[in-house]
Amino acid sequence: MDSRQYIDMEDKFGAHNYHPLDVVIARAKGIWVWDVDGRKYLDFLSAYSAVNQGHCHPRLIRTVLSQVRSLTLTSRAFRNDQWPQLAKELCEMTGYEMVLPMNSGAEAVETAIKTARKWAYQVKKVQPDKAEIVACANNFHGRTVTIVSFSTESLYRRDFGPFTPGFAVIPYGDLQALEAAINPNTAAFLVEPIQAEAGILIPPPGYLKKAAEICRQKNVLFIADEIQTGLGRTGKLLACEHEDVRPDMVIIGKSLAGGFYPVSATLASKNILGLFQPGEHGSTFGGNPLACALAREALAIIREEGLVENAAVQGAWFLEQLQKVRSRHIKEVRGAGLLIGIELRPEAGGARRFCEALKDVGLLCKETHENVVRFAPPLVIRQKDLNWALKRIKQVFRALA
């Protein structure tokens, strides 16, 4: 079948909960993908940063083949040999004492919310069912009913109520609003170091550091959602490291298994995650041996292939080059590491048409929040490939001028 036939089939039988570009990918390797018609593209989205290690990394292929021959799932009713090793390696790599594994990013966020509430009742002594969590406007932490309860995006909320109580929403980057929102019932402040889905929104310098200090002074947990920004994407292992901030809890996912398997985790100290008792939280697939073996190898690739350092170097160069692009449509270019957004002016006609034009010249990216083109290539990318992409970006902006 050709691309059109696959697209028609998906539109007929699949729920229309996404609006993908009309490219049907059948094969991938490294930074490149090929569609069912044989056309080649440079992947400039990395499955929303889930394939930081590049597509079909040979080390991960070997790992998955080896592990599926021996053991894939035990559930947590029994122990397996991979989960303890992943837990140890994650803690050693990040400096945290304890980790709770899940599958999707949203599940890890739900885990952090439950953990913060439990900490509030057992440690802070908040009255039962009174705990509150402060979040930021324009956040994206997932799409479960509880998570969209504190979203400010009407599309995520419309027709999905009633919503879960216990959340306060403040402007992103506003320290005064954070201080004002905290009260004796506040359990935690949940924040993205960079709001990727909202359009690569970067808070003012020093915001994360000061916010963490406010939380410490007020006896409130500081929780960083690093699902998109973590594991090297911004040029640091965790984006909070740009301001030397150590959150009380960190949420990671996406590239934790290199795009081979959904794996996520919540990291914290023992006096926080250690509050859980058997049966209070869990997942049939969370911590399964296949997921853990892949995550262990994916983390090793990040370390041994210098992906964090490469993201920092290549991202700085690419951001500088993009900021030199002259177009009446460009309002601002911003980013950190290899997480970069081009914000367009309202009169540009929306980011979607730019993404479609870039697809036509072999570069795959995606619009976010209508007016932002998001670039997030695999962290294995080199300058010559970024230069290849840059030429096509300039070509498209000239053509659509």
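The values are calculated or read from the model by the stated rules, or taken from the named source; none is laboratory data. Keep in mind the model is a prediction, meaning the values are calculated, not measured. Here Cβ is always computed from backbone atoms with ideal geometry, including for glycine, and neighbour counts include all displayed protein chains.
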Please identify the pairs in which a residue from the stretch 17-29 that is touching a residue at least 24 places away in the same chain (Cβ under 8 Å) has its Cβ atom under 7 Å from the Cβ atom of a residue that is surrounded by 15 or more Cβ atoms within 10 Å (Cβ to Cβ) and part of a loop (DSSP other than H, G, I, E, B), counting only partners at least 6 apart or on another chain.
-> 28/56; 29/56
Across the stretch 314-335, what is the number of residues that are within 22 Å of the chain's Cα centre (by Cα), hydrophobic (A, V, I, L, M, F, W, C) and either farther than 21 Å from residue 355 by Cβ or at pLDDT below 95 (or both)?
-> 1
Any residue at all in the stretch 244-258 that is in the same structural domain as residue 290 (by TED's automatic domain parsing), basic (Lys, Arg) and within 12 Å of the chain's Cα centre (by Cα)?
-> yes
Determine if the stretch 283-299 includes at least one residue that is at pLDDT 95 or above, among the basic types (Lys, Arg) and part of a helix (DSSP H, G or I).
-> yes
Condition test on residue 374, is it in contact with a strand residue (DSSP E or B) (Cβ under 9 Å, 6 or more places away or on another chain), at pLDDT 95 or above, assigned to a strand (DSSP E or B) and closer than 20 Å to residue 23 by Cα?
-> yes
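Answer with yes or no whether residue 33 is over 22 Å from residue 300 (Cα atoms), part of a strand (DSSP E or B) and of a type outside the set (Lys, Arg). Don't jump to the end; show me each part of the working.
Numbers: over 22 Å from residue 300 (Cα atoms): yes; part of a strand (DSSP E or B): yes; of a type outside the set (Lys, Arg): yes.
So residue 33 fits the description; yes.
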Could you list all residues from the stretch 69-117 that are farther than 27 Å from residue 241 by Cα and either touching a Phe, Trp or Tyr at 6+ places or on another chain (Cβ under 6 Å) or part of a helix (DSSP H, G or I) (or both)?
-> 69, 70
Considering (1) among the aliphatic types (A, V, I, L, M); (2) in a loop (DSSP other than H, G, I, E, B); (3) in the same structural domain as residue 141 (by TED's automatic domain parsing), say which one residue 65 fails and leave the rest.
-> (2)
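Here is a yes/no grid of residues against (1) closer than 17 Å to residue 221 by Cα; (2) of a type in the set (Ser, Thr, Tyr):
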{"position": "70", "(1), (2)": "no, yes"}
{"position": "83", "(1), (2)": "no, no"}
{"position": "98", "(1), (2)": "yes, no"}
{"position": "104", "(1), (2)": "no, yes"}
Exactly one of 244, 225 is closer than 24 Å to residue 302 by Cβ, buried (at least 20 other Cβ atoms within 10 Å of the Cβ) and either free of Cβ contacts under 8 Å to residues at least 12 places away in the same chain or acidic (Asp, Glu) (or both), and that one is 225
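Is it the case that residue 336 is surrounded by 20 or more Cβ atoms within 10 Å (Cβ to Cβ) and either assigned by TED's automatic domain parsing to the domain that holds residue 51 or more than 27 Å from residue 156 (Cα to Cα) (or both)?
yes
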On the given criteria, is residue 340 closer than 19 Å to residue 113 by Cα, touching a strand residue (DSSP E or B) at 6+ places or on another chain (Cβ under 7 Å), modelled with pLDDT of 95 or more and of a type in the set (A, V, I, L, M)?
-> no
Just one listed residue, out of 68, 36, is more than 30 Å from residue 235 (Cα to Cα), surrounded by fewer than 18 Cβ atoms within 10 Å (Cβ to Cβ) and touching a strand residue (DSSP E or B) at 6+ places or on another chain (Cβ under 7 Å), and it is 36
Of the residues in the stretch 253-270, those that are farther than 13 Å from residue 290 by Cβ and touching an Asp or Glu at 6+ places or on another chain (Cβ under 8 Å) come to 264, 268, 269, 270
Qualifying positions in the stretch 41-61 - touching a residue at least 60 places away in the same chain (Cβ under 8 Å) and either more than 19 Å from the chain's Cα centre (by Cα) or assigned to a helix (DSSP H, G or I) (or both) | 41, 42, 46, 47, 48, 49, 57, 59, 60
Residue among 127, 82 that is crowded, with 20+ Cβ neighbours inside 10 Å and in the same structural domain as residue 257 (by TED's automatic domain parsing) | 82
Taking the stretch 304-330 and keeping only residues that are farther than 18 Å from residue 229 by Cβ and either touching a residue at least 24 places away in the same chain (Cβ under 8 Å) or part of a loop (DSSP other than H, G, I, E, B) (or both), one is left with 305, 306, 317, 321, 322, 324, 325, 326, 327, 328, 329, 330
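Residues checked against (1) surrounded by 24 or more Cβ atoms within 10 Å (Cβ to Cβ); (2) over 20 Å from residue 31 (Cβ atoms); (3) over 18 Å from the mean Cα position of the chain (by Cα); (4) assigned by TED's automatic domain parsing to the domain that holds residue 192:
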| residue | (1), (2), (3), (4) |
| --- | --- |
| 262 | no, yes, no, yes |
| 279 | no, yes, yes, yes |
| 284 | no, yes, yes, yes |
| 298 | yes, no, no, yes |
Looking only at the stretch 120-143, decide whether some residue is on the phi > 0 side of the Ramachandran plot and among the basic types (Lys, Arg).
-> yes
